[in-house]
Structure formats: structure tokens, C-alpha cells
1. Tally time: how many residues in the range 38-62 are free of Cβ contacts under 8 Å to residues at least 12 places away in the same chain and part of a loop (DSSP other than H, G, I, E, B)?
2. Just checking, which of 16, 95, 3 is in a loop (DSSP other than H, G, I, E, B), in contact (Cβ under 8 Å) with a residue 40 or more places away in the chain and out of contact with any strand residue (DSSP E or B) (no Cβ under 7 Å at 6 or more places or on another chain)?
3. Tally time: how many residues in the range 48-57 are more than 15 Å from residue 67 (Cβ to Cβ) and either in contact with a helix residue (DSSP H, G or I) (Cβ under 6 Å, 6 or more places away or on another chain) or surrounded by 10 or more Cβ atoms within 10 Å (Cβ to Cβ) (or both)?
4. Go through the range 19-37 and count every residue that is in contact with a helix residue (DSSP H, G or I) (Cβ under 9 Å, 6 or more places away or on another chain), exposed (fewer than 15 other Cβ atoms within 10 Å of the Cβ) and either in a loop (DSSP other than H, G, I, E, B) or free of Cβ contacts under 8 Å to residues at least 40 places away in the same chain (or both).
5. If a residue must be over 25 Å from residue 14 (Cβ atoms) and either touching a residue at least 12 places away in the same chain (Cβ under 8 Å) or over 13 Å from the mean Cα position of the chain (by Cα) (or both), how many such residues does the range 63-84 contain?
6. Suppose we keep only residues that are touching a helix residue (DSSP H, G or I) at 6+ places or on another chain (Cβ under 9 Å) and farther than 14 Å from residue 33 by Cβ within the range 68-102. Which one would you say is surrounded by the most Cβ atoms within 10 Å (Cβ to Cβ)?
């Protein structure tokens, strides 16, 4: 399994939320670009697939993560936000804090 140590802002470790998670190495200021969700485009859902709007209304594309950002877990009050395949800090994230995103309506209603 890869070490997932290429991102200077975050690291992968065991999560209290689910399985493994993404954590801040140091304090991350609000608005900071944390990283790009490196991925392979796919048509079917999976454990590390991020769905992003594909341009047209109600059209989505799946991206199976291949870097450390694949370990982002869901939180209803996230500290991170995806803009397409780019991850940004929604608020100050403290060193050692898990970085989370909101998976969206479909996830919370499931």
C-alpha cells in the first residue's frame, strides 16, 4: 500500500469517523488550497469515488481517488470543501485534526 506522504499539508491515519482519514500536519488557515484529488475517471460508484458535477445540470462524473485525498471522510459540519477536484479549507484546521467534507444530499439521505 502506498505511504501517501507526498502532500506537505496532510497525512493519512486511522480515523474515529471511518476506517482511515486525512489529517492536517500543521495548522491550515481558512481558504488554503490543500490538494488536488488525483483520480481515474470511472462510471460506477466505489469506496473512494468522488462524484463531481460534469458541466450540464444533473450530470456527474466519478473519480476514483489514487492519492491521499481518497481518504476524506464525511461530516455534516466539514472543515474542507471540494471545488471540482480541488480541496480547500473552509475554516482554520488545527494540526492533527481530521479533514472532512460533506458528501452531499444523496449521502445524508441514504
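1. Selection size over the range 38-62: 7.
2. Only one candidate qualifies: 16.
3. The number of residues fulfilling the criteria is 4.
4. Total satisfying the criteria: 1.
5. Restricting attention to the range 63-84, the residues satisfying the condition of being over 25 Å from residue 14 (Cβ atoms) are 83-84.
So of that shortlist, the ones also either touching a residue at least 12 places away in the same chain (Cβ under 8 Å) or over 13 Å from the mean Cα position of the chain (by Cα) (or both) come out as 84.
Qualifying residue count for the region: 1.
6. 102
FYI, it's all coordinate maths here, none of it is from the lab. Because the structure is a prediction, the values reported are computed rather than measured. As a convention, Cβ positions derive from the backbone with ideal geometry for all residues, glycine included, and neighbour counts pool all protein chains shown.
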